[in-house]
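Visitor: The structure follows.
The values are calculated or read from the model by the stated rules, or taken from the named source; none is laboratory data. The shown structure was predicted, so the numbers you read here are calculated from the model rather than taken from an experiment. Note: ideal-geometry Cβ built from the backbone for every residue, glycine included; neighbour counts use all protein chains shown. Surface areas here come from the heavy atoms of the whole protein model, side chains and all, with no ligands, DNA or RNA. Shrake-Rupley method; radii C 1.70, N 1.55, O 1.52, S 1.80 Å.
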Amino acid sequence: MAEERVRTGAPAFSWRDWWDKAGMLVVFVLLFAGLSLKVPNFLTWQNMIGLSLSVSTVGMVACTMLFCLASGDFDISVESTVAFGGVLAAVVITSTGSVLLGVGAGVAAGALVGLANGTIIAKLGINALITTLATMQIVRGLCFIVSGGSAVSVARESFYTLGNGTMLDVPYPIWLTLTSFVVYGVILNRTTFGRNTLAIGGNKEAALLAGIPVARTKIVIFALQGAMAAFAGVVLASQMTSGQPNSSQGFSLDVISACVLGGVSLAGGVGTISGTIAGVLIMGTVQNVMSLQNVDTFYQYVARGGILLAAVLFDQLKKR
Amino acid sequence: MGTAFVLWPRFVYNTVLLVLPRHREMDDMHLRFAHISKMFPGVHALDAVSFGVEQGSVHAVVGENGAGKSTLLKILCGVYRPDAGSIELAGIEQRFHAPLDAFKAGIAVIHQELNLVPEMSVAENMFLGHMPSRLGWLDRRAMQGAARVQLAALEEEISPQTKVGALPIAQRQMLEIAKALMRNASVLAFDEPTSSLSAREVAKLFSIIRRLREQGKAILYVSHRMEEIFDLCDAVTVLRDGRHVETFSSTQGLTRETIVNRMVGRDITDIFHYSPRQTGGPALELEQVTGPGLSAPVSLRVAQGEILGVFGLVGAGRTELLKLAYGAARKRSGTVRVAGRPVSITRPGHAIRAGVMLCPEDRKKEGIVPVRSVLENINLSARRLGSFLGCVINERWEWRNASAHVRQLRVKTPSLRQLAMNLSGGNQQKVVLARWLSEEVKVILLDEPTRGIDVGAKSEIYSIMYDLAASGAGVVMVSSDLPEVLGVADRIVVMRQGAVAGELSRAEATQEACLHLALPRQSMVN
């Protein structure tokens, strides 16, 4: 019998492990450094703020999308929930005059949408793609119904601070996104809930037989995702000072692309917060640079798709 | 001057030798592995393995889990490329860049997981990759005709139009053999072919293999089952830890002990090493339990310290019974009592809290989480015990827990961070077992715990079972391996067609008695 050379005692350090966790971030740092040198006006305070603002919405929702994909599911209804959160908040604020009530209503509505998604997928066993495809349509419809078909302007000044106020010269949405990254990172790495998510995505049967509450975990993930998306939508509405029922079209795919770029496996069971952050930042940076260079928006689409494809290909080659 | 004069015949002789065409060494081995080496991250799967397989012989390849048998077969069929060494066919070195090259060279490997497309027909599967066509249109008639001829040669009455998914495993295997013969394979390799076959099907398979041997094929036979090897094979090669240990060119006079000794590097005389132990009060009691898979209410008792063997044929309902007891399937009626107290178990979580654990039958589908590490797999359920407030992970506790069990169960892994899917089957099974040993076990339900595991590891698992029982747990072991059940269990329950057929104590249990209870009443006993 061969002698196992297993390390006991404190967890040992391994380069391969470190690269799996932080490799994508290193790629981003290199990309960032390269661009700072080559692209004029890139490394300016104003541009950095603009870049961060542009990825803040995607960044917040990517945190929960990470959990959703890691548990082996899919969710394309987030784009409608983002719009709905903003619209509902705007409508409630306009009618009741209370900003707190509006924000609360928006987030609660998002959580309810997520709850519905989770229950249908986890308890009724319906395919996640189809379920969220349906809710995406339904919630989008609700957006138009609630808003009466057009944008809902919010006249309350206190509402604007959420999206436009700053702390230490950095706008609130950026702080909120950073907080999300930290909070969800801790949840994924340091809680049983986070580890269970990965186990469920890796092998649902095994997780079930190991006593993990699979259905309950999935419902919580979707509910959190709904709440997070709605909250991001409220922040977005605050930035635009109005709730727009047709905002964020195609947003779901942006979020999923960022996650996949960051190493989250669509089959489930694999995913890290640092990878997701990297994915979000890389996508945002590329877009930012293209805008700086005045590249036609149409080419930006091509570029985004191309990066995603290249990343996934690279990942496959790494596995050979 | 004189010396040179004497030496000139030598010069002539050497010159003539140089000029004459070189006479090639005739290798009587049709297939030869020459110094094959293969490395995977952190693991030396194969280390300069060399041996030869004769034409017209059945050559067994045996070894413990992790010895390198599967890797060798994968190199043979071109899925992996060796890091060093080569394969020689009829003396000529082969370089396979893809499975297609091996395919064309006449090598056919029949894997445990058969390479068939269930949704396509028998004929289509046989011609996969080289379907006959006329002017670009698929020639179905030619396909079906040829398929029928080939199947008839193997004495199989399957219509070429049947969907493969509808065929039982034994027939699918025959189909794979037909596929290989269709393209005149000269080398056939079988990987654990009999694990899902009935006795009659095994006999049929063996007669076909013997016929192939007479036709001059070089046949490789990878298996754990000693009886089969002695029954069927002419030569045996033993691998251990990726190295070639010994090749016996004849099975005459070869004993099981010798092979086992070469496989593990030491002598194992009695793998069961049973010794009776004290039993206590009831650990688990099932009373009139009914549910999916059971045709009649089942009642079962296991005492603390007792090992209950549950024997039966495929389809007897043993796995279903365990799943009902564990809460993985919905019970329709009946009560479950743990340590005398009735418990309500509707989810595996309830069972675990009551101290009842289940080690499932199919470790790939229900056991390990392939993309997560060994560390995570072992702590999958028990992490809540070491965590803070049941929520926050205690990494040090998890690490210590996993290391202790890896050491105790002798799991072969380069590190705890190794992904579970990179371990060999037997080690994966040990990881699943370790998951449950991390908990406080009152009752453990083991479903085929030693399936696909080598002799050395089997013995270790039995030791663990005895230790568990000795510490007061009730152990239920479902097994299709009759010698194992007879060797390990204190009491045996035999199931037949979804109900309990009978109970036997260790003293009264014999092979005949068990089989008699297990066989369905209406069948004709062969």
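Visitor: Using unit Cβ charges (K, R positive; D, E negative) and no other charged atoms, how large, in debye to the nearest 20, is the dipole of region A:42-319 about its Cα centre? All intermediate terms of the calculation are to be shown ahead of the outcome.
Guide: Numbers: 11 positive and 9 negative charges, 120 e Å.
It comes to approximately 580 debye.
Visitor: Divide by every residue of chain A the summed helix terms, -39500 (n - 2.57) for each DSSP H run of at least 4, and state the resulting mean residue ellipticity at 222 nm, rounded to the nearest 500 deg cm²/dmol. Display every interim value, and only then the final one.
Guide: Numbers: 13 runs with 238 residues, N = 320.
It comes out at -25500 deg cm²/dmol, rounded to the nearest 500.
Visitor: Output ³J(HN,Hα) for region B:361-376: one whole-Hz value per residue in order, computed from phi by the Karplus curve 6.51 cos²θ - 1.76 cosθ + 1.60 with θ = phi - 60°, and x for Gly and Pro.
Guide: Couplings: 6, 9, 5, 6, 8, 10, x, 8, 9, x, 8, 9, 6, 4, 4, 5 Hz.
Visitor: Return the FRET efficiency for the residue pair B:ALA90, B:SER37: r is the Cβ-Cβ distance, R0 is 22 Å, and the value is rounded to the nearest 0.05. Write down the numbers at each step before the final one.
Guide: Details: r = 23 Å, r/R0 = 1.03.
So the FRET efficiency works out to roughly 0.45.
Visitor: Count of lysine pairs in region A:42-319 with Cα atoms under 26 Å apart, counting only pairs 8 or more residues apart in sequence or on different chains?
Guide: Values: A:LYS123/A:LYS204; A:LYS123/A:LYS218; A:LYS204/A:LYS218; A:LYS204/A:LYS318; A:LYS204/A:LYS319.
Close lysine pairs under the 26 Å cut-off: 5.
Visitor: If you don't mind, there's one more thing I want to ask. I need the phi-derived Karplus couplings for region B:275-281: 6.51 cos²θ - 1.76 cosθ + 1.60, θ = phi - 60°, integer Hz, Gly and Pro marked x.
Guide: Once θ is set to phi - 60°, the couplings for region B:275-281 become 8, x, 9, 6, 10, x, x Hz.
Visitor: Taking a ≥ b ≥ c as the square roots of the eigenvalues of the Cα gyration tensor of region A:42-319, is the shape rounded (a/c under 1.5), prolate (a/b larger than b/c) or oblate? Walk me through the numbers before you get to the answer.
Guide: Details: a/c = 1.68, a/b = 1.16, b/c = 1.45.
It comes out oblate by the Cα gyration axes.
Visitor: Then there is this: Label B:ARG183 and B:ASN394 with points 7 Å out from Cα along Cα→Cβ: what is the distance between them in nm?
Guide: 5.7
Visitor: Relative contact order for chain B: what is it in percent, counting Cα pairs under 8 Å that are at least 6 residues apart?
Guide: For chain B, the relative contact order is 15 percent.
Visitor: Say the dipole of the protein assembly as shown comes from +1 at the beta carbon of Lys and Arg and -1 at that of Asp and Glu; which of A:ALA109, B:GLN150, B:GLY136 then lies farthest toward its positive end?
Guide: A:ALA109
Visitor: Please give the per residue accessible area of region B:279-394, computed with a probe of 1.4 Å over protein heavy atoms only, in Å².
Guide: Values: 4630 Å² over 116 residues.
I get 40 Å² per residue for region B:279-394.
Visitor: Considering only protein heavy atoms, what per residue accessible area in square angstrom results for region A:42-319 with a 1.4 angstrom probe? Write out the running numbers ahead of the final one.
Guide: Working: 11200 Å² over 278 residues.
Result: 40 Å² of accessible area for each residue.
Visitor: Further question on the same structure: Amide H neighbours of B:LEU220 under 5 Å, at least 5 residues apart or on other chains, H built in the peptide plane: list them.
Guide: B:HIS59, B:LEU188, B:ALA189, B:PHE190
Visitor: What quantity of accessible surface, computed with a 1.4 Å probe and excluding non-protein components, is buried in total between chains A and B, in Å² to the nearest 100?
Guide: Details: alone 16170 and 25960 Å², together 39010 Å².
Buried: approximately 3100 Å² between B and A.
Visitor: In region B:457-526, how does Rg compare with the Kirkwood Rh, expressed as the Rg/Rh ratio over alpha carbon atoms? Walk me through the numbers on the way to the answer.
Guide: Values: Rg = 13.6 Å, Rh = 13.3 Å.
That ratio is 1.02, to two decimals.
Visitor: Now for a different question. Where a ≥ b ≥ c are the square roots of the eigenvalues of the C-alpha gyration tensor, would you call region B:167-313 rounded, which needs a/c under 1.5, or, failing that, prolate if a/b is larger than b/c, or oblate? Before the final figure, lay out each step's value.
Guide: Working: a/c = 3.44, a/b = 1.50, b/c = 2.29.
Note, shape of region B:167-313 comes out oblate.
Visitor: Further, regarding this structure: Measure off, as a whole percent, the carbon and sulfur share of the 1.4 Å-probe accessible area of region A:42-319, all protein chains present. Let's see the in-between values first.
Guide: On the way: 7560 of 11200 Å².
That share works out to 67 percent.
Visitor: Now a separate question. Please give the calculated 222 nm ellipticity per residue for chain B, where each DSSP H segment of at least 4 residues contributes -39500 (n - 2.57) and the sum is spread over every residue; nearest 500 deg cm²/dmol?
Guide: Details: 18 runs with 182 residues, N = 526.
Helix-only estimate at 222 nm: -10000 deg cm²/dmol.
Visitor: Same structure, new question: What is the list of residues in region A:214-231 whose amide nitrogen lies under 19 Å from a point 7 angstrom out from the Cα of A:THR96, following Cα to Cβ?
Guide: Under cut-off, by backbone N: A:227-228, A:230-231.
Visitor: B:SER299 versus B:ALA48, label points 7 Å from Cα toward the beta carbon: distance in nm?
Guide: Taking the two extended label points, one gets 6.6 nm.
Visitor: Here's something else I'd like to know. Can you check how the C-alpha radius of gyration of the protein assembly as shown compares to 2.2 N^0.38 Å, as a plain ratio? Before the final figure, lay out the partial values.
Guide: Values: Rg = 32.5 Å, N = 846, 2.2 N^0.38 = 28.5 Å.
This ratio for the protein assembly as shown stands at 1.14.
Visitor: Here is a further query. Name the shape class, rounded, prolate or oblate, that the alpha-carbon gyration tensor gives for region B:279-363, where a ≥ b ≥ c are the square roots of its eigenvalues, rounded holds for a/c under 1.5, and otherwise prolate holds if a/b is larger than b/c and oblate otherwise. It would help to have the intermediate numbers written out before the result.
Guide: Details: a/c = 1.34, a/b = 1.21, b/c = 1.12.
Rounded is the answer for region B:279-363, as its axis ratio a/c remains below 1.5.
Visitor: Tell me the label-point distance for the pair A:VAL312, A:VAL295, using the 7 Å Cα-to-Cβ offset, in nm and rounded to one decimal.
Guide: Between A:VAL312 and A:VAL295, the label points sit 2.0 nm apart.
Visitor: Which whole number gives the average count of other chain Cβ atoms within 10 Å of the Cβ atoms across peptide B:359-367?
Guide: 3
Visitor: At a Cα cut-off below 14 Å, give the aspartates and glutamates reachable from A:LYS21, other chains included and same-chain residues fewer than 8 away excluded.
Guide: Once the sequence-local aspartates and glutamates are set aside, what remains near A:LYS21 is A:ASP315.
Visitor: Where the convex hull is taken over the Cα atoms of region B:26-176, what is its projected area averaged over directions, in nm²? Before the final figure, lay out each step's value.
Guide: Values: hull surface 45.5 nm².
Mean projected area for region B:26-176: 11.4 nm², to one decimal.
Visitor: For region B:94-233, give the percent of accessible area contributed by carbon and sulfur heavy atoms, probe 1.4 Å, rounded to a whole number. Intermediate values should be presented prior to the final figure.
Guide: Numbers: 3510 of 6800 Å².
Of all accessible area on region B:94-233, carbon and sulfur atoms account for 52 percent.
Visitor: Within region B:113-176, list the trypsin sites (Lys or Arg not before Pro) lying in a DSSP loop whose Cβ has at most 11 other Cβ atoms in a 10 Å radius. Walk me through the numbers on the way to the answer.
Guide: Values: sites: B:ARG134, B:ARG140, B:ARG141, B:ARG148, B:LYS163, B:ARG172; in loops: none.
Listed in order of number, the matching sites amount to none.
Visitor: Please figure out what share of the DSSP beta bridges in the protein assembly as shown is antiparallel and state it in percent, rounded to the nearest 5.
Guide: Working: 50 of 88 bridges.
Beta bridges within the protein assembly as shown, antiparallel portion: roughly 55 percent.
Visitor: So if R0 is 45 Å, what FRET efficiency would B:ARG211 and B:GLU287 give, r being the distance between their Cβ atoms, rounded to the nearest 0.05? Intermediate results must be reported in sequence, preceding the final value.
Guide: Numbers: r = 53 Å, r/R0 = 1.18.
Plugging the Cβ-Cβ distance into 1/(1 + (r/R0)^6) gives 0.30.
Visitor: Another question, then. Counting only DSSP beta bridges with both residues in chain B, what percent are antiparallel, rounded to the nearest 5? Intermediate values should be presented prior to the final figure.
Guide: Details: 45 of 83 bridges.
The antiparallel proportion sits near 55 percent.
Visitor: Here's something else I'd like to know. At a threshold of 8 angstrom on Cα-Cα distance, excluding pairs fewer than six apart, so keeping six or more, what relative contact order does region B:347-459 reach in percent? Intermediate values should be presented prior to the final figure.
Guide: Working: 145 pairs, mean separation 46.5, N = 113.
41 percent.
Visitor: Using a loss threshold of 50 Å², tell me which positions in region B:396-418 are less accessible in the complex than in their chain alone. Probe radius 1.4 Å, ligands and nucleic acids ignored.
Guide: Residues shielded by partner chains are B:TRP399, B:ARG417.
Visitor: State which entries of B:LYS364/B:LYS430; B:LYS364/B:LYS458; B:LYS323/B:LYS364; B:LYS179/B:LYS364 exceed 23 angstrom in Cα-Cα distance in the structure shown. Each step should come with its number before you reach the end.
Guide: Values: B:LYS364/B:LYS430 13 Å; B:LYS364/B:LYS458 18 Å; B:LYS323/B:LYS364 17 Å; B:LYS179/B:LYS364 27 Å.
Among B:LYS364/B:LYS430; B:LYS364/B:LYS458; B:LYS323/B:LYS364; B:LYS179/B:LYS364, the Cα-Cα distance tops 23 Å for B:LYS179/B:LYS364.
Visitor: Just the number please: accessible area per residue for region B:176-259, 1.4 Å probe, all protein chains included, in Å².
Guide: Values: 3440 Å² over 84 residues.
Per residue, region B:176-259 has 41 Å² of solvent-accessible surface.
Visitor: Return the long-range amide H neighbours of B:LEU167 (sequence gap of 5 or more, or a different chain), with a cut-off of under 5 Å between placed amide H atoms.
Guide: So B:LEU167 has HN proximity to no qualifying residue.
Visitor: Let me have the relative contact order for region A:42-319, percent, based on Cα pairs under 8 Å that are six or more residues apart.
Guide: 35
Visitor: Based on the Cβ-Cβ distance from A:THR44 to B:ALA404, what FRET efficiency comes out when R0 is 56 Å, to the nearest 0.05? Let's see the in-between values first.
Guide: Numbers: r = 55 Å, r/R0 = 0.99.
In this case the efficiency is close to 0.50.
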